[in-house]
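The values are calculated or read from the model by the stated rules, or taken from the named source; none is laboratory data. From a predicted model like this one, the values you see are computed outputs, not experimental measurements. Neighbour counts run over all protein chains shown; Cβ positions are idealised from the backbone, glycine included.
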Amino acid sequence: MEKLRIEGGVPLVGEVQASGAKNAMTKLLVASLLSDKPCTFYNVPDIGDVRVTVELCQEIGMQVEWDHRAGILHCQTKEIKTSYIPQRFSGSNRIPILMIGALLGRTEEDVIVPTVGGCAIGRRSVDFHIDALTKLGACVEHREMKRESAYFAHAHNGLRGTIIRLPYPSIGATENTILAAVSARGTTILQNAAVEPEIMELILFLQKIGAQISVEADRTIRIVGTRVFYETGHSVLPDRIEAASLGMAAIGTKGRIFVRGADHSTMMTFLNKIRELGGGFTVKHDGIEFFYDGPLQGSLHLETDVHPGFMTDWQPPFTVLLTQATGASVVHETVYENRFGFTSALRDMGADISLFKQCLGNRPCRFGSCSYYHSIVVKGPTPFKGQALTIPDLRAGFAYVMAGLIASGTTTISGVYFLDRGYERIVEKLQAVGARCERIVEEELEVSLQKTALEV
């Protein structure tokens, strides 16, 4: 088993390049299925979720040429060879469910996709997806088959534009609705839609290939159906989660990292909180430099929310940063109800974190009447000691890496595949800025630890 071994206590100093956004690239690949024309993508991250999505698209007929090091991917789906997504993709990520919206306009066969996967951070109901697709004229049902389950969808009478209002600005439901509406007859008006930068990226790409889409006030997106598509090229926006994670690692280790390509416009809410905490950053024309600017001052309140609020994926490493700040800070998670599972490991490392079921926020959230630990109080500063950790989900994974970089002693981290899903060549990047970390197989790790014990 591969693990990550970190010797902490070293300030990170240097420069790294921001990779293309995972949450954009995976959806762009699915969107390209709407067209039979060639598409070329640039700044493509070589990460697990993109590889799985490529494999999934190839399964149904996409032809792909991918230069992994250059980050250039050429693809074309001249025809849909099958609309059945095998069960081996069940649980891999959230992409299979989006195949429904993308394929309904390209095939008259039933679209069959496995149940959704992803990180265990809370319920990710597809009810919003199904309700929206049904309003567009699709028939979607869930079936159990041989101890497995899948969604069956078809639109034998075609999709027709309509007015849809989402109960919650779900990113996935917004994407699925847009993908289906592009091939629907007439106009679709999607209200209370998600408007994250990655959604805007999807819209820009769809406009390039021929879709007519406009973003209006109050989270309203208007889509005019079309069946005429064009060849195009598209450069993927930088990953704002990776950029923020590396920036927090710089501040947490009392170092200085320039993240080339980090986009100021997509990180404004995050940067405000960094400023409030006392962390340093300088926005430059080609990226953002993050640095330690003296003792961090806690006693702040953080509440995650849909864009333009504070992104839930920024929260785990930011929680680690709060453990190094003076005073008591409050974090209220309003997006996923089970996102604080990672804090037990931080407590083992020395963090002072208390969990609460109440909404410790400016307003009650949808989890307020439930028995979920969705608020925490973090007191600091507290020193960390290296521990053996197992990653429970992708973003908690980087929080553990960051804690290990801050901690004294050795931290070993299992479940490295979670990191590989969303962070491109993360060990190489950390080593480039001075981190003492390496991948190591379990047998090598045991020998190394025994050697260290003998030396002591």
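Overview of results
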item	result
Strands (runs of 3 or more DSSP E) wholly inside segment 207-292 containing at least 2 residues that are at pLDDT 95 or above and polar (S, T, N, Q)	212-216, 232-235
Single residue of V50, V10 found to be surrounded by fewer than 22 Cβ atoms within 10 Å (Cβ to Cβ) and of a type in the set (A, V, I, L, M, F, W, C)	V10
All positions within segment 21-48 that are of a type in the set (D, E) and farther than 14 Å from H68 by Cα	D36
Options L419, L389; residue that is in a strand (DSSP E or B) and in contact (Cβ under 8 Å) with a residue 12 or more places away in the chain	L389
Residue within segment 296-311 that is within 25 Å of P364 (Cα to Cα), within 18 Å of the chain's Cα centre (by Cα), part of a helix (DSSP H, G or I) and in the same structural domain as A399 (by TED's automatic domain parsing) present	no
Hey, T174 of a type in the set (S, T, N, Q), in contact (Cβ under 8 Å) with a residue 40 or more places away in the chain and within 19 Å of D127 (Cα to Cα) or not	yes
Hits in segment 368-414 (condition: of a type in the set (K, R) and surrounded by fewer than 20 Cβ atoms within 10 Å (Cβ to Cβ))	K379, K385
Residue list for segment 39-98, filter: among the acidic types (D, E) and over 28 Å from E428 (Cα atoms)	E59, E79
Number of the condition not met by L430 [criteria: (1) touching a Ser or Thr at 6+ places or on another chain (Cβ under 8 Å); (2) surrounded by 17 or more Cβ atoms within 10 Å (Cβ to Cβ); (3) at pLDDT 95 or above]	(1)
